[in-house]
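Below you'll find the structure, written out as structure tokens, and then a few comments.
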Amino acid sequence: MAKTTSSDLALQHVRVAFVGLGERGRAALRLMLPVEGAEVVALCDVCAASVEAARALLPGESAVHCFSGADAYKAACRLPEVDLVYICSDWNSHPIIAVEAMRQGKHVAIEVPAATTMEAIQALVRTATETHRQCLLLENACFERQLQDAIVAIRRGDIGELVHAEGNYYHCLDDRWTAWRLEANRRHRGDLYPTHELGPICQAMDIGRSDDLQTLVCMDSAAFTGPQIYKERTQEEAPDFQNGDHTTTLIRTRRGRTILLRHDVLTQQPYDRRLLFIGTRGRIELCDTGRPSHEEMTLEMNRRLIAALTGGQPFGISVQDLALWCTVIPLSEESIKHGFAPVEFPK
């Protein structure tokens, strides 16, 4: 991936526009309000009711711009008083909104995945480079306290040389399916949501610094469950449903270490977001501890985000990291398409 540099101009405080105010966006908004140095100045969603629900979360005296409609994000991005556009909309719209915001001189923070195609990923990197704006990935799993402690232990050498890591994302969505996410699973095979596990693993392995992702192989099961869910949700048949019930991705790094990712949002099984790090002298295993931890790591992520923009501190996830981690989505799809063949990461 091409390298870029971000603006080193520190802001006195960060004026934030939230774009996308569904369940995830409103939760992120609520966890931004207590962050020192941040001021929410704009709310935007295609649905006016979602904007009103988000507005109700703000203190009564807050002066905030509200926009709704299909192209409302453009108005939010053009507001002169906005410094940061915080994007929590559907996956397909992430790069479109982010590019518009950066072209209007705004920094952007994008929910995962930031982009799902190579063209969109490259557009984010290219636009960040050309505009000198920060383009950051909102991967809250990277800010979990137990992960941070594990990374310290790994770098201290507690388990010897780190040689292999595994990450599970088993999350049966049940009644949490949105129309756009179900459609994405209908149309695409591959690991469509890898960054919750890959991001922390890459940080522990120092990927993008002392090591790089080199080769990927992806294999999936047949789509047993997807067509049933699609029919239940839409009353339409989906014999062409693409995403398999279970997807497995194996990655080898330049230094010869391996990463195993498992993705399953379709089958009925307990929630399991787990990380395993294997070293030459031991192992560390981490398990998701539930909703309180999720809120804590999102709040910490938001604090780091604002601190990065106000004090010139590193956020911890660069646009190069964003590009590399999201690249697993199109590469996994390519591997499956070509008979589960190895594919190389872009250099």
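Results, tabulated for the structure shown:
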quantity	calculated
Lone qualifier among 155, 181, 187 - being out of contact with any helix residue (DSSP H, G or I) (no Cβ under 7 Å at 6 or more places or on another chain), charged (D, E, K, R), at pLDDT 95 or above and over 30 Å from residue 240 (Cβ atoms)	155
Residue selected from the range 299-321 under the condition in contact with a Leu (Cβ under 6 Å, 6 or more places away or on another chain) and farther than 18 Å from residue 11 by Cβ, by the criterion surrounded by the fewest Cβ atoms within 10 Å (Cβ to Cβ)	299
Residue count for the range 317-347, restricted to those that are within 15 Å of residue 112 (Cα to Cα) and in a loop (DSSP other than H, G, I, E, B)	2
Check on residue 340, outside the structural domain of residue 109 (by TED's automatic domain parsing), of a type outside the set (Ser, Thr, Tyr) and surrounded by 17 or more Cβ atoms within 10 Å (Cβ to Cβ)	no
Filter result for the condition that a residue is in contact with a Phe, Trp or Tyr (Cβ under 6 Å, 6 or more places away or on another chain) and assigned by TED's automatic domain parsing to the domain that holds residue 91, over 35, 19, 41	19
Top-ranked residue of the range 83-107 - restricted to ones that are within 26 Å of residue 332 (Cα to Cα) and β-branched (Val, Ile, Thr), ranked as surrounded by the fewest Cβ atoms within 10 Å (Cβ to Cβ)	96
Residue 192 under 15 Å from the mean Cα position of the chain (by Cα), more than 24 Å from residue 311 (Cβ to Cβ) and surrounded by 18 or more Cβ atoms within 10 Å (Cβ to Cβ)	yes
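The values are calculated or read from the model by the stated rules, or taken from the named source; none is laboratory data. Source: prediction; values computed, not measured. Neighbour counts run over all protein chains shown; Cβ positions are idealised from the backbone, glycine included.
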